[in-house]
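The values are calculated or read from the model by the stated rules, or taken from the named source; none is laboratory data. Please read all numbers here as calculations on a predicted model, not as lab measurements. Note: ideal-geometry Cβ built from the backbone for every residue, glycine included; neighbour counts use all protein chains shown. Ligands, DNA and RNA are excluded from the accessible area calculation, which covers all protein heavy atoms including side chains. Shrake-Rupley method; radii C 1.70, N 1.55, O 1.52, S 1.80 Å.
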Amino acid sequence: AILSAALMFLVLAGEFSSFTSPLIIMTTVPIAGAGSVILLWLTGQSLNAVVLLGIVVMIGMADNEAVVKLDAIHRFRDLGYPIDEAVFRGGHRRLRAITMTTFTAIAGVIPLVLNLGSGGALYQPLAAAVIGGSITQLGVTFFLMPALYAMIERRKERRALARSRRTEVVTA
């Protein structure tokens, strides 16, 4: 798991050409995983191999949604929009796609959570993990990740401004 997270980080770092964007994206993983564990606890399920498979599926979905949203925000930043406007426009652009992906994943596993059909009891914990993580990752992707991105970008801008002021003082 650690190796796969490290490899995912390296791929994202290459894709975004920075280390901060992958860190922002990777924040969705533990929080979404926590949502899975919380729903498992609320439903009285235990951790087992099937649950871990559901958590892996959910982590893949969470990372995908985070990458798509952050890419949309980066595109608006590249067009010259200020941080807050880029975050708002990027979120608005990807709102429907992220919501539909999450809700279709949840709708797809509802029969398993309700223990309908043969073998439903075996996959009930998997479905609970996917639903809990998906709901949590939706909140993280819509609220926490953009706020974290905006905070980091504002800090970068303040540092760049301070550097430029120091350079102006030295040259003057």
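Here are some notes:
- For the chain, the solvent-accessible area with a 1.4 angstrom probe is 58 square angstrom per residue.
- Measuring with a 1.4 angstrom probe and ignoring ligands and nucleic acids, H92 comes out at about 130 Å² accessible.
- Where chymotrypsin sites (Phe, Trp or Tyr not before Pro) fall in DSSP loop in segment 2-101, at most 15 other Cβ within 10 Å: F19
- Nearest-0.05 FRET efficiency for R154 and T43, computed from C-beta distance (R0 41 Å): 0.55
- Kirkwood estimate for segment 78-172, i.e. one over the average of 1/r between Cα atoms, Å: 16.7
- In the chain, helices alone account for a calculated mean residue ellipticity at 222 nm of -29500 deg cm²/dmol, with every DSSP H run of four or more residues adding -39,500 (n - 2.57).
- Rolled with a 1.4 Å probe across the full set of protein chains, the surface gives Y123 an accessible area near 100 Å².
- When restricted to Cα atoms, segment 1-54 yields an Rg and a Dmax of 14.1, 43 Å, respectively.
- For segment 25-80, the alpha-carbon coordinates run over 50, 18, 13 Å along the three principal axes, in decreasing order.
- Ranking E157, E15 by solvent-accessible area of protein heavy atoms (1.4 Å probe, all protein chains present), from largest to smallest, gives E15, E157.
- Per-peptide packing, taken as the mean over residues of other Cβ atoms within 10 Å, places 57-69, 108-120 in the sequence 57-69, 108-120 from highest down.
- Cα gyration tensor shape for the chain, rounded if a/c is under 1.5, else prolate or oblate: prolate
- Carbon/sulfur fraction of accessible area - the chain, other protein chains in place, 1.4 Å, %: 68
- Note on surface exposure: D71, D84 rank D84, D71 by accessible area, highest first, 1.4 Å probe.
- Within a Gaussian network of the chain (alpha carbon springs, distance under 10 Å), most fluctuating of T99, T136, T28: T99
- Between 0 and 90°, nearest 10: helix 120-139 axis offset from the chain longest Cα axis: 20
- Accessible-area rank, largest first, for R163, R93, R155, R77: R93, R163, R155, R77, with all protein chains present and a 1.4 angstrom probe.
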